[in-house]
Structures are given as structure tokens and as C-alpha cells.
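The block underneath contains the structure these notes are about, expressed in C-alpha cells.
The values are calculated or read from the model by the stated rules, or taken from the named source; none is laboratory data. What you are looking at is a predicted structure, and each value in this text was computed from that prediction instead of being measured. Positions of Cβ are generated from backbone atoms using ideal geometry, with glycine treated the same way; all protein chains shown enter the neighbour counts. Only protein heavy atoms, including side chains, enter the accessible area calculation; ligands, DNA and RNA are left aside. Shrake-Rupley method; radii C 1.70, N 1.55, O 1.52, S 1.80 Å.
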Amino acid sequence: MNYATIKYNDIANGIGVRTSLFVSGCTHHCKNCFNQEAWDFSYGEPFTDTIIQEILDSMSPDFITGLSLLGGEPFEIPNQKGLLPLLRAFRQRYPNKTVWCYTGYTLESDLLENGSVHCEVTDEILSYIDVLVDGEFVQDLYDLTLRFRGSSNQRLIDLPATLKAGKVIIWEDEVLFAKRGM
């Protein structure tokens, strides 16, 4: 897996100050995508154990609230396999910090069992994510007033509550922060 960039002290891609990892590779090719250069799976730099350690170390200050995963597309199957070691280490080291993940795939049709990009690691990856922002960016539904997403079809999903309930639960920030002890 390659990554396009890492933004440290990012305040745009989730609640609080975060480290945001932009992976390379995306097959959606949404019209007016903000990160078209990251569509290419070979764009950027190799995602190594050293980079994982740098990301983990960047989140040690108390003011860092968590990790955000963007793309490219984190749920392309090669990227899922590349991200799993990071997510395992992150959750072990920072159990009270949050993981946000932005995907053009939709939870029900693509990510859950029998979904189009469900593979042997998908369920474990989903278990580490607190907020899943799902759905492709749709230019005709673009709305600058939306919080943490670009088009009105995209959802902010409280993933732990959704997986527990067996139905989509839309994210509310106060609930999530109470769960993580923040």
C-alpha cells in the first residue's frame, strides 16, 4: 500500500485535532474529487512500519483526539490489508482516542458481509472505527454547510452503535465522546 500524505494537527477531518492519513488508490473517480492524484494506487510513498510508528508517535500529545483515514479510498481491498496493522496498534496504544474513516463505499452494500469490498479483514477494521463517513462525493449534492462531508448523500455513522444495533445509527458528537471517555 502507498499513502499520498499525512497531515499532522489536522482540524478539518473529524472532531478535534487529529492525525490524518490519506491513502493512495481509489476506483470511485468521483467528479470533482478533492484528491484526484490519490486515485493511482502507486502514487505517493510506501506505507511502512516506520510510517506507522511515526503516525502513532504523532498522536501521543493529549490534545490529539484521534486518527482520520481518507484517500484515495481506505476500503479498497489492498488498502484494508495495509491499514490493519496501524489500526490494531492504534487501538491498543490509544483506547480513548477516536478513529474516523472516510469512504466512498456504503456500509450496507459494500462493507458488511457479502458486500462488494468485504474481505477477510473488513470486520476487524470496522471494529476499530468510531465514525464512518460513507458514500461517494456527488457534485450535484455538494453542500458547503454540511459538517465533515461534502455532499448530502454522505452519512456520518456511529459505527460501534450501528454494529451493535444491527441498523445504521447516525453519529452525534456528544455520544461518541462520552463513550471514549473524552
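Can you give the Kirkwood hydrodynamic radius of region 1-48 from its Cα pairs, in Å with one decimal?
After inverting the mean inverse Cα-Cα distance, the result is 11.5 Å.
Where is the GNM fluctuation largest for the chain (alpha-carbon springs, 10 angstrom cutoff): Ala165, Ala38, Ala12?
Checking each option, the largest mean-square fluctuation is seen for Ala165.
Per the Kirkwood definition applied to all pairs of different Cα atoms, how many angstroms is the hydrodynamic radius of region 109-150?
12.2 Å is the Kirkwood radius here.
On a full-extension model of 0.36 nm per residue, what is the gain between Glu45 and Ala12, subtracting their alpha-carbon distance, rounded to one decimal in nm?
Full-extension gain reported as 9.6 nm.
Compute a Gaussian network model of the chain, connecting alpha carbons closer than 10 Å, and tell me which residue from Tyr94, Tyr105, Tyr128 fluctuates the most.
Of Tyr94, Tyr105, Tyr128, the Gaussian network model singles out Tyr94 as fluctuating most.
Ignoring any ligand, DNA or RNA, what whole percent of the accessible area of region 1-159 comes from carbon and sulfur when the probe is 1.4 angstrom?
Roughly 51 percent, rounded to a whole number.
With every protein chain present, what accessible area does Phe148 have (1.4 Å probe, heavy atoms only), rounded to the nearest 10 Å²?
40 Å²
Rounded to the nearest angstrom and ordered from largest down, what semi-axes does the equivalent ellipsoid of the chain get from its C-alpha gyration tensor (root of 5λ)?
21, 20, 17
What is the Cα coordinate range of region 130-172 on the first, second and third principal axes, sorted by size from largest, in whole angstrom?
Here the Cα extents, ordered largest to smallest, are 33, 16, 11 Å.
Most fluctuating residue of Pro74, Pro46, Pro61 in a GNM of the chain with Cα springs under 10 Å: which is it?
Pro61
Based on the Cβ-Cβ distance of Arg91 and Tyr142, what FRET efficiency does E = 1/(1 + (r/R0)^6) give at R0 = 41 Å, to the nearest 0.05?
With a Förster radius of 41 Å, E is 0.80.
What number, rounded to the nearest 500 deg cm²/dmol, is the helix-based mean residue ellipticity at 222 nm of the chain, given -39500 (n - 2.57) per DSSP H run of at least four residues and division by all its residues?
-7500 deg cm²/dmol, from helical runs alone.
Please report the antiparallel percentage of DSSP beta bridges with both residues in the chain, rounded to the nearest 5.
The answer is about 50 percent antiparallel.
Show Tyr43, Tyr142 ordered by accessible area, largest first, where the area counts protein heavy atoms only and the probe is 1.4 Å.
Tyr142, Tyr43
Taking 35 Å as R0, compute the FRET efficiency from the Cβ-Cβ separation of Asp62 and Leu84 and round it to 0.05.
Once the sixth-power term is evaluated, E becomes 0.85.
With a 1.4 Å probe and all protein chains in place, put Asp134, Asp140, Asp57 in order of accessible area, largest first.
Asp140, Asp57, Asp134
Leaving out ligands and nucleic acids, and using a 1.4 Å probe, what accessible area per residue does the chain come to in Å²?
It amounts to 47 Å² per residue over the chain.
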